[in-house]
Every structure is written in structure tokens, then in C-alpha cells.
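Novice: Here it is, the structure, as C-alpha cells.
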Amino acid sequence: MDLIKGLLENTDIIGKLTGQVGLEREEAERFVPAATEATVAQVKSGAIDPGALLGGGAGAIGELLSGIDVGQLASRVGIGKEQAGSALAAFVPVLMGFLQSQGGGAGGLGALLGGAGAGGLLGKVKGLGKLLGGN
């Protein structure tokens, strides 16, 4: 399953970003793929334990958030840095919940993203572009 397509079809992430964070719909639609890419890249870097993220631990999520360049994300999406930080804080738990529901826990996350453990993430995916909704 295309990760972004699945996220958009099976969660109310756009509603959450527009209702709670105050993004315009178009901003939210640009934010989701950019934030997904940034989050996956951070997990892929090996700096974060995917199992801890799926457990919903505030420490693991905070660690993930601190590793993402919010200024760059904001610039890419065309929103303010503070708004991007708020959107990212709302987005990551939804993304992790979706991955857990699709992958069945840490082992499932590893399988979904291409291997067990952060070092193998995305290894078996047919390219990051496909994972993130590209061709």
C-alpha cells in the first residue's frame, strides 16, 4: 500500500491539521507528504527505535520530532516554523498509529518499511518515491 495514500484514506489527518493546527486544506495536503518523508528519513537514519515509536512513548516521539528540521519542513510546505512544529506534533502520532494498524507492531513496521530494525528500514521498498506516493 502506498503509505501516503493509505494515511490519507484511512485517517483524518487533513481534518486534524486543519481543525487543530489551523492549516488551510492545501497546506495540509502539502504537509502530509513532506512530513511523511521527513519522518521516514529520521527513522531510517537509525537514530530512533521504531518499536518505541509504535508504543506511543512520548520520549521516542519527542526524540523523533527533535531530529526533524522543522524550519526546512516549514519552508518546503510554505508555512511558518511554529505552525510546522505544531503540525508535526499532531502528525507523528497519527502516522505511527496508522503504521501500527497496518503493520501489526514493531515487527510489522519493520516488514512494512523493509526490514527489522531501523538499519533495514525501507530496504525492500521499491524506492522511497513509491513509499511516499511517487512513481
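Novice: Of the residues ILE68, ILE61, which is out of contact with any Cys (no Cβ under 8 Å at 6 or more places or on another chain), at pLDDT 85 or above and not polar (S, T, N, Q)?
Specialist: Values: ILE61 fails: at pLDDT 85 or above.
Step by step, each of ILE68, ILE61 is checked, and only ILE68 is out of contact with any Cys (no Cβ under 8 Å at 6 or more places or on another chain), at pLDDT 85 or above and not polar (S, T, N, Q).
Novice: Quick one: what pairs do we get from the stretch 64-84, first residue in a helix (DSSP H, G or I), second surrounded by 15 or more Cβ atoms within 10 Å (Cβ to Cβ) and β-branched (Val, Ile, Thr), C-beta under 7 Å, 6+ apart or different chains?
Specialist: Correct list of pairs: LEU64/THR39; LEU64/ILE48; LEU64/VAL92; LEU65/VAL92; LYS81/VAL70; GLN83/VAL21; ALA84/VAL70; ALA84/VAL77.
Novice: In the stretch 2-34, which residue that is at negative phi, outside any helix (DSSP H, G or I) and of a type outside the set (Val, Ile, Thr) is modelled with the lowest pLDDT? Let's see the steps before the verdict.
Specialist: Taking the stretch 2-34 and keeping what is at negative phi, we get 2-21, 23-34.
Still in the list and also outside any helix (DSSP H, G or I): 2, 11-12, 23-24.
Imposing the further condition that a residue be of a type outside the set (Val, Ile, Thr) reduces the set to 2, 12, 23-24.
Details: ASP2: 80, ASP12: 91, LEU23: 96, GLU24: 96.
Filtering first and then ranking leaves ASP2.
Novice: MET96 is checked against (1) under 21 Å from ARG25 (Cβ atoms); (2) buried (at least 20 other Cβ atoms within 10 Å of the Cβ) and fails just one. What number does that condition carry?
Specialist: Every listed condition holds for MET96 apart from (1).
Novice: May I pose another question? Check GLY46 against each of (1) in a loop (DSSP other than H, G, I, E, B); (2) more than 14 Å from the chain's Cα centre (by Cα); (3) modelled with pLDDT under 75 and name the one condition it does not meet.
Specialist: If we test GLY46 against (1) in a loop (DSSP other than H, G, I, E, B); (2) more than 14 Å from the chain's Cα centre (by Cα); (3) modelled with pLDDT under 75, just (3) comes out false.
The values are calculated or read from the model by the stated rules, or taken from the named source; none is laboratory data. Note that the structure is a prediction, hence the values are computed from the model and not measured. So basically every Cβ, Gly included, is an ideal-geometry build from the backbone, and we count neighbours across all protein chains shown.
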